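The values are calculated or read from the model by the stated rules, or taken from the named source; none is laboratory data. Everything numeric in this text was worked out from a predicted model, so none of it was measured. Neighbour counts run over all protein chains shown; Cβ positions are idealised from the backbone, glycine included.
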Amino acid sequence: MKYNKILKPKKFDNFSIIPSSIFRHKDITVGATGLYAYLFSHKADQQITIEFICGHFKEGKDAIRSKINELISVGYLERQRVTDKGKFKGYNYILKANHKGKIQSRQKPKSENPPQSNINNIYTNKSNITQTDKMQNAFPHFVKLFDLRYQPKNDKQKADWFACLDRCVRIDKYDLDEIYLAVKNARDDDFWKNNFLTLLKLRNQDKNGIMFIHRFIENHRKYNKPKCFYKIKGIQEYKLYNDPDGSQRLGAITKFNKLNEFNLSQILNRDEIDELKNFIK
């Protein structure tokens with residue numbers, strides 16, 4: 001099973017040949033264009049994580065995530081969530097040579113979703129029926145997280161809220177259950193309960209250009225560590241390191257000593273090690 005990999009046409013492996021379409025694409029930032037070129041310069045199956053990218057550039061994780069999501073929003077990059085037997089493993093990043101009719105411009109939102117007056121008409125593709133049913137069942141629970149006076153009052157407002165939730169799943173590639181927990185945590189927060197009054201805020205940007213959905217998900221993950229996190233006695237911090245062959249390994253710093261992945265494997269099973277790797281990336 002492949003995960004945390006770059007996936008692209010093999011013919012580009014030995015050359016830094018960048019599809020010219022992205023350089024002709026309007027309404028995209030220089031930073032996102034540069035990141036696309038950087039990703040395309042790697043061979044297919046190159047292991048890739050946010051931390052790996054940050055090791056090359058000066059930007060922090062939030063800035064890199066923002067550029068990745070910009071590329072996803074215009075269709076030049078697809079983030080594919082990988083699970084094994086229901087357990088989250090990581091992401092693959094699929095590079096596209098062109099946007100193939102996806103969102104043309106962030107100033108033309110109609111291309112992102114067709115017009116609709118009823119939330120039951122969000123999807124027309126039969127392949128999405130299962131996910132649509134799940135979202136429609138979950139939608140009332142999202143609405144109830146907000147005070148009655150802030151809840152949508154008519155079909156158009158409901159459609160807007162539903163469309164926002166749809167984009168968080170379909171474009172931003174977040175799991176619906178995780179979005180719910182992140183929104184619930186934010187609404188339970190003393191600050192955010194007075195400043196997060198509509199679901200539409202999820203895809204609005206803060207002053208640093210970072211969408212609030214990314215901030216809320218990040219906060220949720222930060223305070224919801226894997227159950228196996230404290231199985232290592234005296235744990236202070238987990239870190240990733242590379243073997244001489246380039247393989248990424250999990251290490252740990254405890255109150256007593258430093259541990260490599262072999263040491264950790266005497267206590268943690270393979271799934272727990274993979275879970276911790278993905279948690280700290």
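Name the residue, out of 239, 233, 207, 201, that is closer than 23 Å to residue 63 by Cβ, assigned to a loop (DSSP other than H, G, I, E, B) and charged (D, E, K, R).
On the way: 239 fails: assigned to a loop (DSSP other than H, G, I, E, B); 233 fails: closer than 23 Å to residue 63 by Cβ; 201 fails: assigned to a loop (DSSP other than H, G, I, E, B).
Result: 207 is the single residue among 239, 233, 207, 201 that is closer than 23 Å to residue 63 by Cβ, assigned to a loop (DSSP other than H, G, I, E, B) and charged (D, E, K, R).
Considering only the stretch 185-203, state which residues are surrounded by 13 or more Cβ atoms within 10 Å (Cβ to Cβ) and free of Cβ contacts under 8 Å to residues at least 40 places away in the same chain. Scanning the stretch 185-203 gives 185, 186, 189, 192, 193, 196, 201, 202, 203.
Taking the stretch 35-62, which residues are in contact (Cβ under 8 Å) with a residue 12 or more places away in the chain, not in a loop (DSSP other than H, G, I, E, B) and not hydroxyl-bearing (Ser, Thr, Tyr)? Answer for the stretch 35-62, where residues must be in contact (Cβ under 8 Å) with a residue 12 or more places away in the chain, not in a loop (DSSP other than H, G, I, E, B) and not hydroxyl-bearing (Ser, Thr, Tyr): 35, 37, 39, 40, 47, 50, 51, 53, 62.
Within the stretch 150-168, how many residues turn out to be closer than 18 Å to residue 186 by Cα and part of a helix (DSSP H, G or I)? Break it down stepwise before answering.
Our first condition is that a residue be closer than 18 Å to residue 186 by Cα; within the stretch 150-168, this holds for 150-151, 161, 164-165, 168.
Restricting the remaining residues to those that are part of a helix (DSSP H, G or I) gives 150, 161, 164-165, 168.
Summing the residues that are closer than 18 Å to residue 186 by Cα and part of a helix (DSSP H, G or I) in the stretch 150-168 gives 5.
Being modelled with pLDDT under 90, part of a helix (DSSP H, G or I) and in contact with a helix residue (DSSP H, G or I) (Cβ under 6 Å, 6 or more places away or on another chain) is a property that does not hold for residue 214.
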